[in-house]
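Q: Have a look at the structure that comes next, please.
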Amino acid sequence: MGARMVLRGARSAAAALVFLLVLAVGAQAALLRPGAVVGASQKLVPRLQQLETPELKGASHAAQARRLSLPASGPGSLVRLGDQVVVTARVSSTAPDVVQTLRDAGARIVTVNARYGMVTVAVAPADLQRVTAIPAVRSVQPQLQPLTAAQPAPVRQLNFSADPLACPWGSVRSEGDAQLQADLARGTFGLDGSGSKVGIISDSFDTNTNAVTHATGDVASGDLPGPGNPCGYTTPVQNLGDFGPGQGDEGRGMAQVVHDLAPGAALAFDSGAPSSPSFPAAVSALRTAGARVIVDDLTYLDEPFFQDGPAAVAVDNAAAAGIPYFSSAANSNVIVGGNNVSSWEAPNYRPTPCPSFSGANGYLDCMNFNPNGGVSNGESITLAPGGGFLLDLQWSEPWFGVQTDLDVLLLDSANHILAGSNNDNVKTQQPFEAFSYTNTTGASQTVNLVIARFNNFGAIPRTPRVKYVLSHAAGIQSVQFPVSSGADIVGPTIFGHNGAAGALSTAAVPFDDSSTVEPFSSRGPVTHYFGPVTSTTPAPALATPEVLAKPDVAATDGAATTFFAQQIGGVWRFYGTSEAAPHAAAIAALLLQGYPLATISQIYSALRSSAVPLGTFGADAEGSGLLNAFGAVNSLLKGPPTPTFTFSPPAPIAPTLVAFDGSGSTDPSTGAVIRTYSWNFGDGTSSSGTSARVSHSYPAPGTYAVTLTVTDSVTRTAAVSHLVTIAAPPPPPPVPPPPPVPPAVCRVPNVKGKSLAGARRALGTADCSVGRVTTPHKPKRGPGRGKKWVLVVGRESPGVGRTGPGGSKVALGLAWKAVKK
């Protein structure tokens, strides 16, 4: 067996580490790195060098895993696609010709991350040498299955009663719906998550052939949306890709949780790809698909402890774009003797001589775990039969600026190597080692954890901050250093994008006990010493460490699903922060429906401020406390909407069309908007719709009480009324008299002394007429001999008179005049 990979079972000669040789390199001798396989490409980390040896190349996957100090399957195991292993090549260029050269070497391209100079590929072990022969390839390391935050059911009595099966939940309803008061929020405010799409990143959606249900059955039973959903939620889950077969379909369990609490929300899924450099592509795909909320439950072992890596940068970018992001806090906590013992951290590497074990040559020294001046060149851990852990070791050097090469070994009581990890970190440029171990002795076993510093010839030995985190740990009975002491810190286990500043890291609270945090739920805080990984240039150290209070909130776990993950009392129950995170994401979907204009900071603030503290656990376990959906919605309420409207024309006259405008109505609540405008026009007719402007015809005069009722995005209403007077049309204007005829002027001719007949003739020619003819009595005496009495005009009107058409009458006075016969 080659030597740089430290393997379980090294007590046998075949498994012993072969820390060989001196190879001649020109005229200079150089020490072959511990664990390296003679003749193998040194661009491969020792695990891959071992994997391509004839001894392991044809072995079963389980046998390979045992020799590589990795689990045979599940978190921490090799990511495989059939007989290919998934690896990440650090390359000098991601140009198309380089990518094509990788294809030509037998590699199947999974993702290309030009920003970080990394290409993730699937490749048969037999083709690894062809890959490393490409000049642009600098190093190649295997990808380990990310941790998913599902957790085996706790050992305790579960008391619960099933809810009636009904819409909108389908055949199974998460108890978190009631525990987190999402049902109350939906019923009170009329919310169901409509208008939002929730993006989910997890291991797989529908690839587990052994699952008791599949996606089509979940749709038919109403537990997922899609065509045929009996509750009317017919938009199918948008599956952007399941990476590889044989996963647990944890993403489908998460989708059922979101659908229970926010059944109107659309859903999208992406498997997240197999590596932390691939993870940003999943986030980007969901953003492109229109996700307004994103949730994931993955933890990549190589995500840096001391800075934001590629996955965390992608999360922070999504949050900066206004997308609420929820990540599981992970399930890495272990409590022994009342202490959280799943992590250990020292402010610097404290060198001390290594214990005596085979293959120690090549190491400068080992870590002194004793923080108080004593010497302990290892840390003892006692495991129950079947107990074990997955250990993740890192140190505070930035990606692409790694100058220290640390290895981690696990020794038995006789200093035989049981397991370990020893990448060439200067080549990989990641300060990361990981291995898995399980006690198979059948009795309690005390093992010794050793951190060794490899001699990088010519490099200045450095003493960076060092930390390990134990994941998937079980059966730990004791650890040598169980509490923080001196400057050493024991306990915090949240790291990577689970603890990104832009994400709400979600702890787990059991569905049947709202007073406790699950003991396995990872603890915070998160502390960064370097800026984020944004390129292949190492990020500078921060002037002061960035301390992030994590987790942020807590939500339900252990609630019911149709198939995932353990069946307890006839009910499939989903334990772990993997279930807590989608509960939180569903509540965010409800908030975004009610307050579509709310900012991400307002959403986060509403969730935190309304959360219910659990008591004595502290923020490092529960964040702000257990989420309360009703309280979160209610916390954004600032008062009812304020309706107002104007109308025109301002003085309408019947019959008329009046235009009404309610666009001046406002809603004071955070991010709330007015959804509907309902009008009562006061004449027995009404109108309702989403437009603030309407017109209405009034055929008759009158005074009408017009009422506008507005309804906002959380179903609150308010009304305002105004009297609108429609005036009667004015009477028709009077017909004007004909224009006056200018009076004619006639000069009355002199008719005095003329007879009446002669006077009439004279006056007629002057357009005058005679009126008031006065006839005097005829004189009684005679006129005289030879004469007779004749009536003549004795007097008349003035000489000029005004007459209209037809003349005017002239008054005449007659007199008797004696004339000759």
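Q: Give the stretch 637-661 a look and list any residue that's within 30 Å of I600 (Cβ to Cβ) and modelled with pLDDT of 95 or more, or say none.
A: P641, T642, P643, listed by residue number.
Q: Filter the stretch 631-674 down to residues that are open to solvent by less than 20 Å² (accessible area, probe 1.4 Å) and of a type in the set (A, V, I, L, M) and give me whichever is nearest to V553 (Cα to Cα).
A: A632
Q: In the stretch 655-674, what count of residues is obtained for those that are over 42 Å from the mean Cα position of the chain (by Cα) and either hydroxyl-bearing (S, T, Y) or part of a strand (DSSP E or B) (or both)?
A: 3
Q: From (1) at pLDDT 90 or above; (2) open to solvent by 70 Å² or more (accessible area, probe 1.4 Å), pick out the condition that doesn't hold for A107.
A: (2)
Q: If I ask for residues that are out of contact with any Leu (no Cβ under 6 Å at 6 or more places or on another chain), in a helix (DSSP H, G or I) and under 20 Å from I674 (Cβ atoms), which ones from the stretch 592-624 would you list?
A: Result: L592, Q602.
Q: Scanning the stretch 390-410 for residues that are open to solvent by less than 10 Å² (accessible area, probe 1.4 Å) and acidic (D, E), which turns out farthest from A459 (Cα to Cα)?
A: Top of the filtered list is D392.
Q: Return the only residue of G272, G264 being modelled with pLDDT of 95 or more and over 12 Å from the mean Cα position of the chain (by Cα).
A: Checking each option against the conditions leaves just G264.
Q: Test T148 against the criterion of being crowded, with 19+ Cβ neighbours inside 10 Å, in contact (Cβ under 8 Å) with a residue 24 or more places away in the chain, farther than 30 Å from I200 by Cα and of a type outside the set (D, E), and give yes or no.
A: In short, no.
Q: Something else now. Specify the residue that is farthest from T711 (Cα to Cα); the eligible residues are those in the stretch 611-630 that are among the small types (G, A, S) and open to solvent by 20 Å² or more (accessible area, probe 1.4 Å).
A: Applying the filter and picking the extreme gives G618.
Q: For A133, are the conditions met, namely being over 10 Å from V91 (Cβ atoms), crowded, with 18+ Cβ neighbours inside 10 Å and among the small types (G, A, S)?
A: For A133, the condition - over 10 Å from V91 (Cβ atoms), crowded, with 18+ Cβ neighbours inside 10 Å and among the small types (G, A, S) - is not met.
Q: Kindly check whether there is at least one residue in the stretch 415-426 that is open to solvent by less than 40 Å² (accessible area, probe 1.4 Å) and within 18 Å of G309 (Cβ to Cβ).
A: yes
Q: Go through the stretch 415-459 residue by residue and tally those that are free of Cβ contacts under 8 Å to residues at least 60 places away in the same chain and at negative phi.
A: Matching residues across the stretch 415-459 total 10.
Q: Report whether or not T527 is at pLDDT 95 or above, part of a loop (DSSP other than H, G, I, E, B) and open to solvent by 10 Å² or more (accessible area, probe 1.4 Å).
A: No; evaluated as a whole, the condition is false for this residue.
Q: While we're here: Look at the stretch 295-342 and say how many of its residues are in a strand (DSSP E or B), open to solvent by less than 10 Å² (accessible area, probe 1.4 Å) and in contact with a Ser or Thr (Cβ under 8 Å, 6 or more places away or on another chain).
A: 7
Q: Next question. Out of the residues in the stretch 264-277 that are of a type outside the set (A, V, I, L, M, F, W, C) and under 18 Å from F205 (Cα atoms), state the one that is surrounded by the fewest Cβ atoms within 10 Å (Cβ to Cβ).
A: The qualifying residue surrounded by the fewest Cβ atoms within 10 Å (Cβ to Cβ) is S271.
Q: Which number in (1) surrounded by fewer than 24 Cβ atoms within 10 Å (Cβ to Cβ); (2) polar (S, T, N, Q); (3) part of a loop (DSSP other than H, G, I, E, B) marks the one condition that T493 misses?
A: (1)
Q: Right, something else. Name the single residue, out of those in the stretch 675-733 being among the aliphatic types (A, V, I, L, M) and assigned to a loop (DSSP other than H, G, I, E, B), that is surrounded by the most Cβ atoms within 10 Å (Cβ to Cβ).
A: V714
Q: Could you please give the count of residues in the stretch 463-490 that are part of a strand (DSSP E or B) and over 19 Å from F279 (Cβ atoms)?
A: 16
Q: Tell me which residues, restricted to the stretch 227-248, are at pLDDT 95 or above and touching a Ser or Thr at 6+ places or on another chain (Cβ under 7 Å).
A: P227
Here is a yes/no grid of residues against (1) in contact with an Asp or Glu (Cβ under 8 Å, 6 or more places away or on another chain); (2) at pLDDT 75 or above; (3) buried (at least 16 other Cβ atoms within 10 Å of the Cβ); (4) farther than 17 Å from A811 by Cβ:
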position: C746; (1), (2), (3), (4): yes, no, yes, no
position: V751; (1), (2), (3), (4): yes, yes, yes, no
position: L756; (1), (2), (3), (4): no, yes, yes, no
position: A766; (1), (2), (3), (4): no, no, yes, no
position: T774; (1), (2), (3), (4): no, yes, no, no
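Q: For the structure I just gave you, tell me whether A632 is in a helix (DSSP H, G or I) and in contact with a Phe, Trp or Tyr (Cβ under 9 Å, 6 or more places away or on another chain).
A: no
Q: Being of a type outside the set (D, E, K, R), open to solvent by 40 Å² or more (accessible area, probe 1.4 Å), assigned to a loop (DSSP other than H, G, I, E, B) and over 21 Å from V526 (Cβ atoms) is the requirement here; does S376 meet it?
A: It is false that S376 is of a type outside the set (D, E, K, R), open to solvent by 40 Å² or more (accessible area, probe 1.4 Å), assigned to a loop (DSSP other than H, G, I, E, B) and over 21 Å from V526 (Cβ atoms).
Q: Looking only at residues in the stretch 343-373 that are part of a loop (DSSP other than H, G, I, E, B) and small (G, A, S), which one is most open to solvent (accessible area, probe 1.4 Å)?
A: S356
Q: Which of the residues spanning the stretch 449-490 are β-branched (V, I, T), open to solvent by less than 60 Å² (accessible area, probe 1.4 Å) and more than 25 Å from G524 (Cβ to Cβ)?
A: V450, the sole residue that qualifies.
Q: Within the stretch 174-219, track down each residue that is open to solvent by less than 40 Å² (accessible area, probe 1.4 Å) and among the aliphatic types (A, V, I, L, M).
A: L180, A182, A185, L191, V198, I200, I201, A211, A215, V219
Q: Does at least one position in the stretch 287-307 carry a residue that is closer than 17 Å to T111 by Cα and in contact with an Asp or Glu (Cβ under 8 Å, 6 or more places away or on another chain)?
A: So far as the stretch 287-307 goes, no, none of its residues is closer than 17 Å to T111 by Cα and in contact with an Asp or Glu (Cβ under 8 Å, 6 or more places away or on another chain).
Residues checked against (1) assigned to a strand (DSSP E or B); (2) in contact with a Ser or Thr (Cβ under 8 Å, 6 or more places away or on another chain); (3) farther than 23 Å from L44 by Cβ:
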position	(1), (2), (3)
V408	yes, yes, no
S413	no, yes, yes
A419	yes, yes, no
K427	no, yes, no
E433	yes, yes, no
T440	no, no, yes
A443	no, no, yes
L449	yes, yes, yes
R453	yes, yes, no
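Q: Using the structure shown, decide if G253 is touching a residue at least 12 places away in the same chain (Cβ under 8 Å), open to solvent by 10 Å² or more (accessible area, probe 1.4 Å) and under 24 Å from E175 (Cβ atoms).
A: no
Q: Of the residues A588, A565, A559, which is over 24 Å from H472 (Cβ atoms) and either surrounded by 23 or more Cβ atoms within 10 Å (Cβ to Cβ) or touching an Asp or Glu at 6+ places or on another chain (Cβ under 8 Å) (or both)?
A: A588
The values are calculated or read from the model by the stated rules, or taken from the named source; none is laboratory data. These figures come from a predicted structure and were not determined experimentally. Cβ coordinates were reconstructed from backbone atoms using ideal geometry, including for glycine residues, and neighbour counts include every protein chain displayed. Protein only, heavy atoms only, side chains kept; ligands, DNA and RNA dropped before computing areas. Shrake-Rupley method; radii C 1.70, N 1.55, O 1.52, S 1.80 Å.
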